[in-house]
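Values quoted throughout were computed directly from the atomic coordinates according to the rules given, and no laboratory measurement underlies them. Given the structure is predicted, the values throughout are model-derived calculations rather than measurements. Methodologically, a virtual Cβ is constructed for each residue, glycine included, from the backbone with ideal geometry; neighbour enumeration extends over all protein chains shown.
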Amino acid sequence: MTRSKIDNIRIDEIADKVLLIHQIKASGPFTRCDGLLILPKEDRNSKTVVLDLNVEPKCIKSINEVYGPVSEYVCSHGHMDHITHVYMWERFGANIYGFIPEANYLLNLYNLFEGFGFNEAMDFSIIEKFAELNKYHECNNVIPIKPGSKLKFENFKIETIPFQGHSLANVGFYLPVERILHIGCLGFDLSKLNSEGFGPWYGFKQCSILQYLKDIDFAESLYLRKADFLTSSHGYVVKNPDRSPFDYMRKKIESNKLKIDQALKSLNPPLKSEEETVKKLLKMDIFFPKRNMSGFMLEIYTFWEYWIIKNHIQLI
Ligand SMILES: [Zn+2]
């Protein structure tokens with residue numbers, strides 16, 4: 001770990017002038033994700049490039065003071081914890097890149113509301129409150145790119161790796177020269193060894209568990225063949241050949257499946273319609289303690305759990 005000069009920020013130097021940045025304390029539940037800072041290096045890049053580092057405005061300001069100017073900022077996908085403060089990087093002069101079809105969620109919250117299908121289950125005001133809680137603000141300009149594109153900023157090369165089980169836009173970043181694979185939001189969310197997390201997230205209609213399992217396999221093989229380090233949006237740094245993040249993610253999906261299988265067995269007699277079954281399972285609070293929630297958070301967690309259950313049930 002490198003000594004951080006910035007309050008509330010932890011820094012790990014992964015390769016020469018490539019830092020993984022983590023915001024330690026947060027003011028909201030979905031207000032931050034870890035990302036990579038690519039500092040200027042001779043024959044590589046003359047200005048700092050930032051990959052998917054959504055931290056709170058105060059941190060962005062300090063990072064800019066110490067490591068700026070930032071010329072390019074790449075956002076991995078349109079989930080709230082990756083988009084809320086990107087406008088701040090733009091304000092400090094960075095070009096903003098986002099992935100199709102979620103790039104425009106950075107421009108307008110209504111795009112997110114429709115794009116993730118929240119509009120089929122709730123009023124826009126719910127998402128407005130959720131965005132406000134996490135201090136989301138819109139960007140002015142976002143350059144849309146296709147998941148899977150190769151990017152080059154001066155001589156700094158990035159391969160974007162589609163991980164679409166999680167969301168249609170979602171990518172990881174592979175840095176071939178630095179031999180780093182940043183799997184972003186794939187589902188390795190352990191902050192330290194022997195901790196617990198939620199694991200892979202598929203609480204939307206567009207998510208796919210089958211695709212998720214393929215994404216995990218692909219990420220693992222890429223990492224084992226071609227990377228020295230694995231970094232992610234919500235997890236600690238892992239060194240090749242430690243493959244525990246992949247075992248963890250597969251195990252989490254399997255244990256979610258078991259929870260649903262058990263709940264289904266408890267339904268006596270089994271229900272006929274899929275919709276009825278999902279609704280019944282939702283009442284059991286299998287994944288989230290919804291009985292302790294109220295207001296807009298209850299509506300949002302209910303929506304997420306509905307799709308987690310449905311994505312599993314659709315495989316049966
Ligand atoms: Zn995500």
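Mind checking which residues of the stretch 182-225 are hydrophobic (A, V, I, L, M, F, W, C), within 13 Å of the ligand (Cβ to nearest atom) and within 15 Å of N170 (Cα to Cα)?
I183, C185, L186, F188, W201, F204, C207
Residues that are touching a residue at least 60 places away in the same chain (Cβ under 8 Å) and hydrophobic (A, V, I, L, M, F, W, C), at least 1 per element: which helices (runs of 4 or more DSSP H) completely within the stretch 211-316 meet that?
Fully inside the stretch 211-316 and qualifying: 244-266, 295-313.
Suppose the filter is more than 15 Å from the ligand (Cβ to nearest atom) and not polar (S, T, N, Q); does I24 pass it?
yes
What number of residues within the stretch 10-36 are in contact with a helix residue (DSSP H, G or I) (Cβ under 6 Å, 6 or more places away or on another chain) and within 21 Å of T160 (Cα to Cα)?
1
Name the residues in the stretch 182-199 that are part of a loop (DSSP other than H, G, I, E, B) and either crowded, with 24+ Cβ neighbours inside 10 Å or among the aliphatic types (A, V, I, L, M) (or both), would you?
Matches in the stretch 182-199: I183, G184, C185, L186, G187, F188, L190, L193.
Tell me which residues, restricted to the stretch 176-190, are touching a His at 6+ places or on another chain (Cβ under 7 Å) and without any contact (Cβ under 8 Å) to a residue 60 or more places away in the chain.
Within the stretch 176-190, just D189 meets the criteria.
Every residue, every condition in (1) buried (at least 23 other Cβ atoms within 10 Å of the Cβ); (2) more than 16 Å from R10 (Cβ to Cβ); (3) out of contact with any Ser or Thr (no Cβ under 8 Å at 6 or more places or on another chain); (4) among the hydroxyl-bearing types (S, T, Y), yes or no:
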{"position": "C33", "(1), (2), (3), (4)": "yes, no, no, no"}
{"position": "L36", "(1), (2), (3), (4)": "yes, no, no, no"}
{"position": "P40", "(1), (2), (3), (4)": "no, yes, no, no"}
{"position": "Y67", "(1), (2), (3), (4)": "no, no, no, yes"}
{"position": "S71", "(1), (2), (3), (4)": "no, yes, no, yes"}
{"position": "G78", "(1), (2), (3), (4)": "yes, yes, no, no"}
{"position": "N95", "(1), (2), (3), (4)": "no, yes, no, no"}
{"position": "F99", "(1), (2), (3), (4)": "yes, yes, no, no"}
